[in-house]
Amino acid sequence: MLAITRWRGAASALSRCRAFHNSAVASASVEGELREITPTSRVKRQVHHADVPFPNFLKTPKTCAVIGAPMVHGQSKDGTDEGPQMLRAAGLHKELKDLNWAVNDVGDLKFAPPKPDDPAMDEKERGAMRFGYAVGNGCKQVSELVHKHASEGEFVLTLGGDHSIGAGTVSGVLKARPNTGVVWVDAHADINTPTMSESGNIHGMPVAFLMKLIKPSKVPGWEWMDQTPTLHPQQLVYIGLRDVDEAERFILKELGITCYTMFHVDKYGIGGVMERTLEQLHGRPLHCSYDIDGVDPVHAPSTGTTVRGGLTFREAHYLVESISETGRLGSLDMVEVNPELGSKVENMQTVEMGLALIDSAMGSRIL
C-alpha cells in the first residue's frame, strides 16, 4: 500500500512537471527575440547556479570585472575585435548575474593601430614579427587593467581579441598574485620567439614573452614587461595541444613544461588530465587562458586557426568546471572568437560555446 501511495505521489509530481514544461517550451526569449519551440525541442544552453567553492583571495560580494580586449593585430584575420561585443550581446551580463556575480564591466580597451613609422627591433632579431610595437603597447594596457582589478579582489574576465592579449592578462595577474598557476587551453603552444615564428603573428608568441624567452627591453613596445614577474615552467600547464611547431617542441621539452596534448586526453580521459593538472598546480591561485580553438571546430568553427581533433563539447566544459571546483580560479580569458569567419549559424555556435564555457567557469552546473 505504501509503495502504491509513493508511486501515485511521484506520478502526480511528474504530471505537474510535464504541465510546467509544456507551458514553458511554448516560447523562449533569446536576447529579446521571441522564438517558438516545440515540446520536443531541447534548450541548447542552460545556466544553473550551483554552490561552487569561492576563492578566499577574492572579495565579497563576489564581483566579476569584465574587460574587453578587442585585439586584432596579433594575427592576420579581421574579426577577433568583434568577440567581446558578441559575447556580451549573447547574454553575458545576465548570465553572470544569474550565477550570483555582481558585474563590473569596464568596457573595451582602445588599441592604437600599427603605423608604418612605429619603432621596431633590429631586422635580424625581429624575424617575421608583425606589428610588435602596437601589440606590445596594447598588451601593456591589458596588463595594467587586469592588475588593477585583480589587486582589488575582483574575478577578472577578459574577452578577446586574439591570444596575444594573454601576455597582458597573465602578466597583470602575476603582478597581483605572483604564485598563480596558469592553465593554457589551446590547439597551439604560443611559445614562438620572433626569430622562430614562421608567420610572424604575435598571437603565437605570448608565452615566450611571459617566460622572458625574449628580452623585453630589446623589443619596442614591450619594455614594460621588464617590470613584470616571469612565468616559470612549473607554473604552467598546457591542455589540448595538437598543432605545435618544430621549434616550439624543442622549447617545451627543453624547459620541461607540462603539456597534455590530445593524445593525453585520449589516453587518460579529461578527468585524468585535470587531476594531474590540478595536482601540479595545487595550492596556487589559478588563471585559465582559454583559446576557443582548443575546442574541436565541430563545436566552435568560427576561429582563425582551426585544427581537427580538439576537445569535445563535454571535455571543454569539464576542464573549466574542474578548475572552478578547486575554489582557486581567480581569472579567465576567452579569446579568438571570430564572428567574421563562418556562416551566421557557425558564428552563433562559436559565440554560444564561448559563453557557455564562461558560464561553467563561473559556477553553472547541470545539477
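The values are calculated or read from the model by the stated rules, or taken from the named source; none is laboratory data. Being a predicted model, the structure only gives us computed values, none of them experimental. Methodologically, a virtual Cβ is constructed for each residue, glycine included, from the backbone with ideal geometry; neighbour enumeration extends over all protein chains shown. These accessible areas exclude ligands, DNA and RNA; they are computed on the full protein's heavy atoms, side chains included. Shrake-Rupley method; radii C 1.70, N 1.55, O 1.52, S 1.80 Å.
From L357, L311, which residue is in contact with a Gly (Cβ under 8 Å, 6 or more places away or on another chain), open to solvent by less than 40 Å² (accessible area, probe 1.4 Å), of a type in the set (A, V, I, L, M, F, W, C) and closer than 22 Å to H48 by Cβ? Just a single option satisfies the conditions, and that option is L311. Of all residues in segment 132-190, those being touching a strand residue (DSSP E or B) at 6+ places or on another chain (Cβ under 6 Å), farther than 27 Å from T306 by Cβ, small (G, A, S) and in a helix (DSSP H, G or I) number 1. D118 passes every criterion in (1) closer than 19 Å to S217 by Cα; (2) surrounded by fewer than 16 Cβ atoms within 10 Å (Cβ to Cβ) apart from (2). Among (1) open to solvent by less than 10 Å² (accessible area, probe 1.4 Å); (2) more than 23 Å from D118 (Cα to Cα), which single condition is P206 missing? Looking at each condition in turn, P206 falls short on (2). Note on segment 191-216: residues that are outside any helix (DSSP H, G or I), touching a residue at least 12 places away in the same chain (Cβ under 8 Å) and either of a type outside the set (G, A, S) or closer than 12 Å to H163 by Cβ (or both) total 13.
Annotation note: of E125, E144, the sole residue that is open to solvent by 60 Å² or more (accessible area, probe 1.4 Å), more than 22 Å from W184 (Cα to Cα) and touching a residue at least 24 places away in the same chain (Cβ under 8 Å) is E125. Of all residues in segment 287-327, those satisfying the criterion of being under 23 Å from F155 (Cβ atoms), in a helix (DSSP H, G or I) and not polar (S, T, N, Q) are I292, G294, A316, H317, Y318, L319, V320, E321, I323, E325.
Give me a count of the residues in segment 83-109 that are out of contact with any helix residue (DSSP H, G or I) (no Cβ under 8 Å at 6 or more places or on another chain) and more than 20 Å from S360 (Cα to Cα). Within segment 83-109, residues that are out of contact with any helix residue (DSSP H, G or I) (no Cβ under 8 Å at 6 or more places or on another chain) and more than 20 Å from S360 (Cα to Cα) number 1.
Of the residues in segment 217-229, none is part of a loop (DSSP other than H, G, I, E, B) and either of a type in the set (K, R) or open to solvent by 50 Å² or more (accessible area, probe 1.4 Å) (or both). Selection within segment 328-340: residues that are hydrophobic (A, V, I, L, M, F, W, C) and not in a loop (DSSP other than H, G, I, E, B). The member of this set that is farthest from D162 (Cα to Cα) is L329.
Filtering segment 241-259 to residues that are under 23 Å from L174 (Cα atoms) and assigned to a strand (DSSP E or B) leaves T258, C259.
Listed by first and then second residue, the pairs with beta-carbon distance under 6 Å, at least 6 apart or on different chains, first residue in segment 41-67 and over 13 Å from A361 (Cβ atoms) and polar (S, T, N, Q), second at pLDDT 90 or above and in a strand (DSSP E or B), are T63/A102; T63/N104. For segment 114-127, filtering for residues that are more than 15 Å from A208 (Cα to Cα) and at pLDDT below 90 leaves 5.
Being open to solvent by 20 Å² or more (accessible area, probe 1.4 Å) and in contact with a strand residue (DSSP E or B) (Cβ under 6 Å, 6 or more places away or on another chain) is the filter here, so list the residues in segment 245-272 that pass it. Listed by number, the residues that qualify are T258, C259, Y260, T261. Among the numbered conditions (1) in contact with a His (Cβ under 9 Å, 6 or more places away or on another chain); (2) surrounded by 24 or more Cβ atoms within 10 Å (Cβ to Cβ), the only one that N192 does not meet is (1). Residues in segment 252-291 that are acidic (D, E) and under 26 Å from M205 (Cα atoms): E254, D291.
Number of residues in segment 68-92 that are among the polar types (S, T, N, Q) and surrounded by fewer than 20 Cβ atoms within 10 Å (Cβ to Cβ): the value is 2.
Scanning segment 217-246 for residues that are touching a residue at least 60 places away in the same chain (Cβ under 8 Å) and aromatic (F, W, Y) returns W222, W224.
Filter segment 330-352 down to residues that are open to solvent by 10 Å² or more (accessible area, probe 1.4 Å) and aliphatic (A, V, I, L, M), then give me how many there are. Total satisfying the criteria: 3.
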